[in-house]
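S.K.: Shown below is the structure under consideration.
The values are calculated or read from the model by the stated rules, or taken from the named source; none is laboratory data. Everything numeric here is computed off the predicted structure, so don't read it as measured data. Here the Cβ positions follow ideal geometry from the backbone for every residue, glycine too, while neighbour counts run over all protein chains shown.
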Amino acid sequence: MKRIPIRITATLMLSVSVLLLLCAQPATAEEAQPPELPDRFMIRGGYLYVFGASTEIQLNGQSGFGSTIDYDRTLGGKTDYNGFRIDAAYRLNDRHSFGLSYYRVLRDSNRTISDDLTVKDITIAAGASVNSSLNFDLWRFIYNYSFYRNDKVELGVSPSLYMARMKFDVSGTLTCSSTVGNCTGQPTSTGSTSEGLTVPLPSLGGYVNYHITPKLTSNIRFDWFYLKVGNSFTGSMFEFYAGLEYRLFTHFAMGASYDRLQVNADVNKSNSASGIGLENTWNTVLLYGALYF
């Protein structure tokens, strides 16, 4: 049997090795790119934790100014709340998208007050046991315009409209007429009052979306608003949002975010001494799941 020269054998082995290496080479740069993740439509929802809530409210009646109520200090209102939040977004194209969000914050309290408390046209006497609730519903309609976008970062501006609805209920075991300013020497009885307010708050904001990795994204946005209409309405709002989201699967992601919201409003009713003053701040943490299509 003829022996194959060592040089030929080595050359053959080298050729096979090179061929195998070429076959094992990764795909081209274009082929190695991860598949584009869908983001045309998004809906998300999850657990909302509200903390550090602070509310001052003043309800004026026909007889004059009411007491300024610090809902935490005066009435013992809860400063935290567990609830839910839901958001949805639709992207028309690379530049334009729309969003919608909703959540509710419910606070209640029970406290024996140490000073007379005037709410609208009744005064709750010192020593009364007071039950109250303060509910907020917050809707938000958003338009996003991306003026810069690539594979890593998206920058945009975002005019939007907040619709904030507040409902305040208070009842006390000892109430009297507030026309004389206090309850000393007056007959008292059980009484209650309530007030509702819906305020549209248009805002202008900006946002930054940054892809830390193809599946991990950070989001930062802020919104601001201020409006004064004669003596009938003064309102302002500021919101800051920061979050992280990880795309577990093609159509499903999980995330967490922090949000701080401040809203101030003074509303005076036409041809009336009555009106509402509101200063409200809270912080929220949202843990959510999101679907993408």
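S.K.: Out of (1) among the acidic types (Asp, Glu); (2) over 30 Å from Arg40 (Cβ atoms); (3) part of a strand (DSSP E or B), the odd one out for Asp87 is which?
M.R.: (2)
S.K.: Quick check on my filter: what residues within segment 187-211 are outside any strand (DSSP E or B) and either buried (at least 18 other Cβ atoms within 10 Å of the Cβ) or touching a strand residue (DSSP E or B) at 6+ places or on another chain (Cβ under 6 Å) (or both)?
M.R.: Thr188
S.K.: How many residues, within segment 232-264, are among the acidic types (Asp, Glu) and over 20 Å from Ile86 (Cβ atoms)?
M.R.: Number of matching residues: 0.
S.K.: Hey, among the residues in segment 238-273 that are assigned to a strand (DSSP E or B) and of a type in the set (Gly, Ala, Ser), which one's modelled with the lowest pLDDT?
M.R.: Ala265
S.K.: Pull up segment 163-185, narrow it to residues that are surrounded by fewer than 16 Cβ atoms within 10 Å (Cβ to Cβ), outside any strand (DSSP E or B) and of a type outside the set (Val, Ile, Thr), then point me to the one that is modelled with the lowest pLDDT.
M.R.: Among residues in segment 163-185 that are surrounded by fewer than 16 Cβ atoms within 10 Å (Cβ to Cβ), outside any strand (DSSP E or B) and of a type outside the set (Val, Ile, Thr), the one modelled with the lowest pLDDT is Gly181.
S.K.: Tally the residues that are part of a strand (DSSP E or B) and either at pLDDT below 95 or surrounded by fewer than 16 Cβ atoms within 10 Å (Cβ to Cβ) (or both), restricting the search to segment 219-237.
M.R.: Total satisfying the criteria: 12.
S.K.: Moving on to the next point. Across segment 101-160, what is the total count of residues that are within 18 Å of the chain's Cα centre (by Cα) and over 30 Å from Thr213 (Cβ atoms)?
M.R.: Residues meeting the conditions: 13.
S.K.: To continue, here is another question. Would segment 99-119 turn up any residue that is modelled with pLDDT of 95 or more, among the aromatic types (Phe, Trp, Tyr), loosely packed, with under 15 Cβ neighbours inside 10 Å and under 19 Å from Glu239 (Cα atoms)?
M.R.: Checked segment 99-119: no residue is modelled with pLDDT of 95 or more, among the aromatic types (Phe, Trp, Tyr), loosely packed, with under 15 Cβ neighbours inside 10 Å and under 19 Å from Glu239 (Cα atoms).
S.K.: Output the number of the condition that Ser109 fails; it satisfies all remaining conditions of (1) of a type outside the set (A, V, I, L, M); (2) within 15 Å of Asp169 (Cα to Cα); (3) in a loop (DSSP other than H, G, I, E, B).
M.R.: Answer for Ser109: the failing condition is (3).
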